[in-house]
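What follows draws every value from the coordinates through simple rules; no lab data is involved. This is a predicted model, so every value here is computed, not measured.
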Amino acid sequence: MTAKKLAPDEDPILNFLRLKRHETPTADYFERFIEEFHRRRSLELIRRPIWKLAVDRILSRLIDPARGFAPSRRATVGAALALALVAIGFGAVTIKPWQTGARERLTTLLRGGEAQSEQLAFSERPGVDVLSQINKLSLDPNLDQIFLEESLGERKVRASTGAASISTLRGIGNGTAPRHALSAPRYVIDVRPVSHDSPVLSF
Amino acid sequence: MDFENLDDAGLVARTQAGEPRAFDELMRRFAPRIYGLVYNMTSNHEDTGDLLQEIFAKAYRSIGGFRGQSSFYTWLYTIAINITINFLKKRNRQPKISLNDLAPSAFKEDTLTELSAGTDPVKETDLAELQVRLNEAMQKLSEEHRTVVTLFDIQGLPHKEIGKILGISEGTVRSRLHYAHKQLQIYLREFRPN
């Protein structure tokens, strides 16, 4: 540290301010200060739970008290990996085959209007678990797309297939025959891809 | 191990390696300067003692994350200023303390007389009164202005270093100083020569 030399100043007030740098206690005070510092540290170690000390230690690595939140690259990568592992562990991130490419295929379906047919597979009703039914549908190799449609609080699942294999849908739902009515051409705004549904949480 | 011969960076490395005695040496080196900084911002010895403990405790807990991007003293000063300004903001939210409660200056009057020899207006004035008035005037400044006055006029740090510590440009440091000096001259005009 480079301290400026104490020199007379034109303004006596500023000159006098400089004299305040001598306003420090004696060396004894600072020796006692260090003893007190160690005493407080020991007390802190005894009183604080171990988990709090551990959290403090981690935070002190991530947050520079002089600059705020400034984690090192290593800490950032480590934290991101840890978060990803935790998320996967808790099932917050699930990747299902029927979710992939739904948006692109929907576009093709609406634009092309090819020889595909779209069927109402089932509606949500008591005793029918929509998600488990979607899982069942996703295993059907004949089905090309599966859409989850939500309007006025009611959820419906539609499935489309190039070969209109209606039979594959039979029996899905509450055990009764499904509604096979052919639907009218749909618009993008009316249909929500399954991939836009909230993630499945399983603990 | 003789820590006295090690430089600051060496002491930091030793502390990071788990030798707390190296941190003791850092405290010996920097506590008086940090004390001066905090005292001149709070004008209260008791608060200064507590804040000094808090500052070094924070530095000790965080030293593992100190990566040497700045010098240790710049880092420590920044911690000290952040903690002190937080404290002052809390104190300002509480019922106003009377300026009469501010501590009188720590040094003895004969020391002051010796140090102030040659400044005529001071000789003619009650020194104790001047000390109190100086502290009062400092407390009237905003925290930002008080900080630059403390670092520049009292602690003697150059503009560049102050800019680094506060994370502001040199120009801002100069501008704050200019304004703060004007304010102090107004508050203490009776002590200035005609």
Longer than 23 Å from Cα to Cα, which of B:Lys160/B:Lys182; A:Lys20/B:Lys182; B:Lys58/B:Lys140; B:Lys140/B:Lys182; B:Lys140/B:Lys164; B:Lys58/B:Lys160 are they? Say none if no pair is.
B:Lys58/B:Lys140; B:Lys140/B:Lys164; B:Lys58/B:Lys160
For region B:1-97, take the alpha-carbon Rg, divide it by the Kirkwood Rh, and send me Rg/Rh.
1.02
